[in-house]
Ligand code: NAD
Ligand code: WQD
């Protein structure tokens, strides 16, 4: 039986995707160095799926370690490549670490697939490759260009995969451009567990909701949007996970790019209000200055994924808030709670 190698499979999106594959009866192997995740996430996926997962603690940049994984698992017929560093602000401060980790790991994935005759790669790209593009909704053909070293790593890896596919006519490379993944599995057993103070809106709101943080700073209310706050396309992580299964099942030769978003934009204030309603808690907030580098509006045109992958987001903003809150309430300190 075929199996799928998930690099970074213990992370936020990887763990939800591991569960989605297992629920479809597709086996997974995980390679993660746990630089931004906990082994506990995998144990919980195993409990939810009632299946064991073969996990390797390995750096994807380490060729020898990756070679061993392919040698020991000849059933691997695809790689979903999540492994990477992902904090935009941090990437500005330590760009070389971002380029080294993200580009090297992608190159090793390409080299190993070539060496072992594996032809399917699904890559975690990002809406960040649309840079400061102002045309919304964003289609896969919208202008690209990046505003951070993190973004450039995604852009460069997309190009690496295009060049690899050009030279290897059997390659099936799927580039998934995620919009803003949020929420958690409805069980509340797996979810997002950022280190330190969260940079992103939804985990920040969740931590305010459980009293771990005092109040939310809303970065600017003078954008040209309905209420002045920034608009984004939030997508439930379970929907996103399903998008990977669809991409694997519908994979085809060449390079295929898909936006994974809902097609709906929500402002920061809309998120706060939806959260307050779904969770039944008050979110204290204060309007502060704009965050440098933020665009006013960003949302997807997900038509291509809808039509070609037969995939469509099912959950709405209220579901995302409810499930994000449920996870945070059950695990106020993330996976650390399991170790106490
Ligand atoms: P995450 O940090 O939770 O998961 C990434 C995983 O990769 C972690 O478990 C980390 O330990 C692992 N990892 C990092 N470098 C590694 C290496 N060299 N070798 C082995 N493991 C390594 O992040 P996530 O939110 O699950 O994101 C997954 C992917 O999706 C990333 O590539 C990210 O850039 C991309 N992405 C995320 C978002 C988002 O908002 N979460 C949006 C767009 C794209
Ligand atoms: C959303 C909105 C903020 C925090 C980032 C990456 C992107 C992708 C997804 C990886 C914006 C506002 C936020 C806060 C706020 N990741 N906000 N107070 O910036 O759209 O996207 O994650 O590929 O590349 O850049 O997401 O959640 O940080 O912000 O008011 O404390 O919430 O200004 O309007 P962003 P975000």
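When segment 251-294 is filtered for residues that are modelled with pLDDT of 95 or more, out of contact with any strand residue (DSSP E or B) (no Cβ under 8 Å at 6 or more places or on another chain) and more than 24 Å from residue 123 (Cα to Cα), the ones remaining, listed by number, are 270, 273, 275, 276, 277, 278, 279, 280, 281, 282. Looking at segment 38-73, which of the residues that are assigned to a loop (DSSP other than H, G, I, E, B), over 18 Å from residue 192 (Cα atoms) and touching a residue at least 24 places away in the same chain (Cβ under 8 Å) is nearest to ligand 2 (Cβ to nearest atom)? Here the residue is 60. Kindly establish whether residue 311 is in contact with a strand residue (DSSP E or B) (Cβ under 9 Å, 6 or more places away or on another chain) and buried (at least 20 other Cβ atoms within 10 Å of the Cβ). Considered against the rule, which asks whether it is in contact with a strand residue (DSSP E or B) (Cβ under 9 Å, 6 or more places away or on another chain) and buried (at least 20 other Cβ atoms within 10 Å of the Cβ), residue 311 comes out as yes. Of all the residues in segment 227-250, those that are touching a strand residue (DSSP E or B) at 6+ places or on another chain (Cβ under 6 Å) and not in a strand (DSSP E or B) number 9.
For segment 204-226, name all the residues that are touching a strand residue (DSSP E or B) at 6+ places or on another chain (Cβ under 7 Å), assigned to a loop (DSSP other than H, G, I, E, B) and free of Cβ contacts under 8 Å to residues at least 60 places away in the same chain. Answer for segment 204-226, where residues must be touching a strand residue (DSSP E or B) at 6+ places or on another chain (Cβ under 7 Å), assigned to a loop (DSSP other than H, G, I, E, B) and free of Cβ contacts under 8 Å to residues at least 60 places away in the same chain: just 226. Contact map, segment 8-20: first residue under 17 Å from residue 60 (Cα atoms), second residue assigned to a helix (DSSP H, G or I) and away from ligand 2 (no atom under 15 Å from the Cβ), Cβ cut-off under 6 Å, separation 6 or more or different chains; pairs are 9/18; 10/41; 10/42; 15/41; 15/45.
Across segment 170-195, the number of residues qualifying as within 16 Å of ligand 2 (Cβ to nearest atom) and within 17 Å of residue 317 (Cα to Cα) comes to 9.
The residue that is nearest to residue 306 (Cα to Cα), among those in segment 119-136 that are away from ligand 1 (no atom under 14 Å from the Cβ) and in contact with a strand residue (DSSP E or B) (Cβ under 6 Å, 6 or more places away or on another chain), is 136. The number of residues in segment 150-169 that are surrounded by fewer than 15 Cβ atoms within 10 Å (Cβ to Cβ) and within 19 Å of residue 100 (Cβ to Cβ) comes to 1.
The values are calculated or read from the model by the stated rules, or taken from the named source; none is laboratory data. Keep in mind that what you see is a predicted model, and the values were worked out from it rather than measured. Virtual Cβ from ideal backbone geometry, glycine too; neighbours counted across all protein chains shown.
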